[in-house]
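Q: Take a look at this one; I'll ask things after.
The values are calculated or read from the model by the stated rules, or taken from the named source; none is laboratory data. These figures come from a predicted structure and were not determined experimentally. For neighbour counting, all protein chains shown are included, and Cβ atoms are generated from backbone atoms with ideal geometry for every residue, glycine included.
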Amino acid sequence: MASELGIQEQVFGGEHHSGRVARPLWAAMKRGALGRCPHCGQGKLFAGFTKSVDKCSVCGEELYHHRADDLPAYLVIVIVGHIVLGAFMAVEATSTLSMWQHIAIWVPLTIALSVALLQPVKGAVIGLQWALYMHGFGGEKDATEPRPGT
Ligand SMILES: [Zn+2]
């Protein structure tokens, strides 16, 4: 019906419409969160703290296509904000700690959680983009968003 009218049917989710093999989303995100290549789960994903490798040293999968950009930082803020604020409010309601004691607990906890979560969250974002064939992970040129210096 839709094709008779010249309207292309829209299909959301999965890869059955594109002919490409569906990549396992959750497995890829988990591998990324563990700092491993989202494709093989063996090679290292990061060359530095948040610098990802250009390609997997084990399976050769190109990984520089990702556009994680600011998303990992936003997600870390959301996650850490909920944990620290929730814990602060619970402790505040059930204890008589001074303001200095609160500062001594929550400021280091916020910094430590943010540093600890940044790399795993970025890895999961790269895994997600890889699994969904985003930003050149599907083999096409990402011409609308040229890479600086190329
Ligand atoms: Zn790999």
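Q: Find the residue count for the range 52-80, including only residues that are β-branched (Val, Ile, Thr) and in contact with a Phe, Trp or Tyr (Cβ under 9 Å, 6 or more places away or on another chain).
A: Residues in the range 52-80 being β-branched (Val, Ile, Thr) and in contact with a Phe, Trp or Tyr (Cβ under 9 Å, 6 or more places away or on another chain): 1 in total.
Q: Please find, within the range 42-73, the residue that is farthest from the ligand (Cβ to nearest atom) out of those that are among the polar types (S, T, N, Q) and either touching a strand residue (DSSP E or B) at 6+ places or on another chain (Cβ under 7 Å) or closer than 21 Å to ARG23 by Cα (or both).
A: It comes out as SER52.
Q: Next question. Inspect all residues belonging to the range 30-41 and state whether any of them is more than 16 Å from the ligand (Cβ to nearest atom) and surrounded by 12 or more Cβ atoms within 10 Å (Cβ to Cβ).
A: no
Q: Another one. As an exercise: evaluate PHE49 against (1) assigned to a loop (DSSP other than H, G, I, E, B); (2) surrounded by 11 or more Cβ atoms within 10 Å (Cβ to Cβ) and give the number of the one condition it does not meet.
A: With (1) assigned to a loop (DSSP other than H, G, I, E, B); (2) surrounded by 11 or more Cβ atoms within 10 Å (Cβ to Cβ) applied to PHE49, the lone miss is (2).
Q: Pairs, please: C-beta under 7 Å, at least 6 apart or cross-chain, first residue more than 17 Å from GLU62 (Cα to Cα) and in the range 19-48, second loosely packed, with under 13 Cβ neighbours inside 10 Å and not basic (Lys, Arg)?
A: These pairs meet every condition: ALA22/GLY14.
Q: A further question follows. Give me the pairs: first residue in the range 127-149 and surrounded by 15 or more Cβ atoms within 10 Å (Cβ to Cβ) and basic (Lys, Arg), second residue in a helix (DSSP H, G or I) and at pLDDT 85 or above, beta-carbon distance under 6 Å, and six or more apart or on different chains, which are they?
A: Short answer, once both residue conditions are applied: none.
Q: Something else: Out of LEU118, LEU97, which single residue is part of a helix (DSSP H, G or I), surrounded by 12 or more Cβ atoms within 10 Å (Cβ to Cβ), among the aliphatic types (A, V, I, L, M) and more than 16 Å from the ligand (Cβ to nearest atom)?
A: LEU118
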